[in-house]
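K.L.:
Questions regarding the structure given below will be posed in turn.
Each reported figure results from applying straightforward, stated rules to the coordinates on display, with no laboratory input. Predicted, not measured: the structure shown is a model, and the values here were computed from it. All Cβ positions, even for glycine, are placed from backbone atoms using ideal geometry, and neighbour counts span all protein chains on display.
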Amino acid sequence: MSPDDAPAELLEAFEAPLLLLDGAIVAQANAAARALLGQNIVGRYVLSVIPQPEAEHLLTTGGAGAIPLAGIGADERRWELAVRPAGRSGRLVRLEDRSLQHAAERMRTDFVANASHELRTPLAALIGYVETLQYASAPEDQPARERFLGIMAQEARRMQRLIDELMSLSRIEADRYVPPRAVVDLDGIVRTSIYELRDRQRVALRISGERCPVLGDRAQLAQLADNIISNALRYARPESIVRVELACDGPSASLRVIDEGEGIAPEHLPRLTERFYRVAASRSRALGGTGLGLAIVKHIVERHRGRLDIASTVGVGTTVTVRLPVSRNGNRSVTDPASIPDSAAA
């Protein structure tokens, strides 16, 4: 079968871009290929259609194989170009979109790099102070030793918090496809989280509606409440009140935490739940933040089939809202996030 004899219907049955070559000329192209590479590519020299120098040998020498490519369609997209024999004289070119896999791999690489950096910073401080203390032996060095030991303890606790949160995030991700099945009272969890805070006198709690039973993981929901409320206290103005509002009036329970702080510019909001993303890195570290709190909250909400919304106004403050499906009759719940109305927390 020659390229001209190949049924076009067969190529159109595939969603991936496909080209059928006769030598180095495009004999046929399916709709996906035409949408990606141009509507008038049939009859053209293949390197004018895919102008990638690294693909020249594979596309023009009659060989077969696969290579990664970038810059087709958009700079950020990644492809795998595969060439296979087709019939007596033709060859089939397939472009497989690998953008999601590339993005996932880049996220893993960035995560390792960021985690290494976050651990290296306090570790370098610890090593520096230990080396200094080794030579501070005179009696008059006692105040300096005490100050250095205090800083070392602070940096060690910072490393411990970071490692604990990394391990917590790993456990949550491992369970992300396992829906929780225990019925827990969200109002009790929120009350306990506030009671255990050092600055609980700065938190005003308001609960409206009935009790809030949800199908959930108690430990994870406690961590969610701790992270959101502690984060609000950390970034609110000193002595200001953080308002915590819990409502359970319909198919969803709504936890809303409102702080009066500096607020967050709109361009930062979409990235707040990324691991290690900080609006102001130096301020976050100075206040004890690890950069993982909201990432953990996001994963917990996703595992519980809920919604997370963050709204902020610069100079006014930030509102974090979590909506979770309510368990009815103690043994079932609404599990479809689309069934939770946006007005549930109003």
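K.L.:
I'd like the FRET efficiency for Glu15 and His57, computed as 1/(1 + (r/R0)^6) with the beta carbon distance as r and R0 of 30 Å, rounded to 0.05.
P.N.:
Once rounded, the FRET efficiency stands at 0.65.
K.L.:
Same structure again: Would you mind computing, in nm to one decimal, how far apart the modelled labels at Val130 and Ser89 are, each placed 7 Å from Cα along Cα→Cβ?
P.N.:
Rounded to a tenth, the inter-label distance reads 7.4 nm.
K.L.:
Using only the Cα atoms of the stretch 153-251, build the gyration tensor, take square roots of its eigenvalues as a ≥ b ≥ c, and label the shape rounded, prolate or oblate: rounded if a/c is under 1.5, else prolate if a/b is larger than b/c, else oblate.
P.N.:
Oblate shape, in that a/c is at least 1.5 and b/c is the bigger or equal ratio.
K.L.:
May I pose another question? In sequence order, what are the phi-derived ³J(HN,Hα) couplings for the stretch 264-273 according to the Karplus relation 6.51 cos²θ - 1.76 cosθ + 1.60 with θ = phi - 60°, rounded to whole Hz, with x for glycine and proline?
P.N.:
Listing the rounded values in order: 10, 5, x, 5, 8, 4, x, 9, 5, 8 Hz.
K.L.:
Ok, one more. What ranking do Thr273, Thr132 get, fewest neighbouring Cβ atoms within 10 angstrom at the top?
P.N.:
Values: Thr273 18, Thr132 13.
Taking fewest neighbouring Cβ atoms as first place, the list is Thr132, Thr273.
K.L.:
Turning to a different aspect of this structure: Can you sort Asp217, Asp259, Asp309 so the residue with the fewest Cβ neighbours within 10 Å comes first?
P.N.:
The most exposed by this proxy come first: Asp309, Asp217, Asp259.
K.L.:
Going by amide H atoms built from the backbone, whose H comes under 5 Å of the H on Gly261, apart from near neighbours?
P.N.:
Under 5 Å from the amide H of Gly261 lie the amide H atoms of Arg237, Gly317, Thr318, each far enough along the sequence or on another chain.
K.L.:
How do Val316, Val279, Val322, Val93 rank when sorted from fewest to most other Cβ atoms within 10 Å of their own Cβ?
P.N.:
On the way: Val316 13, Val279 17, Val322 27, Val93 23.
Lowest to highest Cβ neighbour count: Val316, Val279, Val93, Val322.
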